[in-house]
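I have placed the structure first, in the form of structure tokens, so that the comments after it can refer back to it.
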Amino acid sequence: MANHEAGRATRDRNSAPDDGAIDGGWEAQLRLGQDVRFVLAAVGGGAIRVAQEIARRHVRHLETIAINCDPKVQSFEEFDRRVYLGPDSGAEIDTGGSPIVGGVLARAAEPALDRIFQGATFVILVGSLGGGAGSGALPQLLRVASRHAEYVSAFVIRPFRCEGDRRALADRAIGQLHFVESFVEKREQGSASLRTLDNESLVATHGHEAFNHVSTHWADLIQDHIESSFILPAEALLETAQLHRAAFTAPMNRIPDAELPALRPIEPPAPAPHPELEPLLPSAHGGPGGEVELTFEIEAPAHPPTLP
């Protein structure tokens, strides 16, 4: 078995040479969406529908990837990349709902997954459990993403209670995620999180309409997490770096000593509070309930010019 990867040119918001960059000097190397990458990857039919909803909103700096054992995934043009876990011929592979088959296909596609996640800064994984693709392939995606990314945030979608065997299979798959070694290490370091999104919880709020609201509801929650925990803090850090850079590059003979700004460590702003996402954010001890810490180190010139 081999995998077939399809993609298209990255959107203008990511490919523009100055998008998210700080003008001039070394700061131009830190471009949001390029050098600092935000990757949303979805595996399984339900997860892909949620990620499609987010992709259609064109979230700034965000790369979107769909991964599935169904060759139809290659036609989802909303995504920047589409990965079919099957033969290069595009022939359809029926997992029969077996996570074993999904896991085998994902392991065979590991070289492609390595290329996708290599150099990623923040990876947000969404997996819909209960079928062969999500339950079987998600552990392998989690393993590869945790090897490459600085921070991994995983969301797993649990089926409705009425789905019976699929829900039981999803519970077993969730248990297996706690044994993915590279991901467990990241969680212990406070740089990874895992959250279960239970479809059944929507029944209380949406009643019989719950099925129609699944994709939109989870898309809203995940997008809020991506923006408030990752994108907004990163933008604030780079904006602060730009101000410090401007202070260094200003004509030194025009700035009296007393007015020279003192550089202080850059601290990211706290993400906007969100009651549903609060358990996701790691604390200072690596546990839930704290803030995501993002740090970009800025070094002053070794020999700053002296005032005349």
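At-a-glance table
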item: Dipole of the range 41-115 [Lys/Arg +1, Asp/Glu -1 at C-beta], most positive-end residue of VAL50, VAL101, HIS61; result: HIS61
item: Residues with amide H under 5 Å from that of VAL126, placed H, sequence gap 5 or more; result: ALA41, ALA42, VAL43, PHE155
item: Against the rule of thumb 2.2 N^0.38 Å, how large the Cα Rg of the range 159-223 comes out; result: 1.34
item: Packing rank of 96-106, 212-222, where each peptide gets the mean count of other beta carbons within 10 Å, highest leading; result: 96-106, 212-222
item: ³J(HN,Hα) computed for each position of the range 150-160 - Karplus, 6.51 cos²θ - 1.76 cosθ + 1.60, integer Hz, glycine/proline x; result: 6, 9, 10, 10, 10, 10, 10, 9, 9, x, 5
item: Long-range amide H partners of ALA6 with built H, under 5 Å; result: ARG82, VAL83, TYR84
item: For the range 207-220, Karplus couplings with θ = phi - 60° (6.51, -1.76, 1.60), whole Hz, Gly/Pro x; result: x, 5, 8, 4, 4, 6, 9, 4, 4, 5, 4, 5, 5, 4
item: Cα-based shape type of the range 31-124, given that a ≥ b ≥ c are square roots of the gyration tensor eigenvalues and the cut on a/c is 1.5; result: prolate
item: Residue order, fewest to most beta carbons within 10 Å, for ARG166, ARG172; result: ARG172, ARG166
item: Per-residue ³J(HN,Hα) for the range 52-63, Karplus 6.51 cos²θ - 1.76 cosθ + 1.60, θ = phi - 60°, Hz, x for Gly and Pro; result: 4, 4, 5, 4, 5, 8, 6, 5, 4, 6, 8, 8
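Quick note: the coordinates plus some simple rules give every number you see, no bench work behind them. Worth saying up front: this structure is predicted, and the values here are computed from it rather than measured. Every residue, glycine as well, gets a Cβ built from its backbone with ideal geometry; the counts of neighbours run over all protein chains shown.
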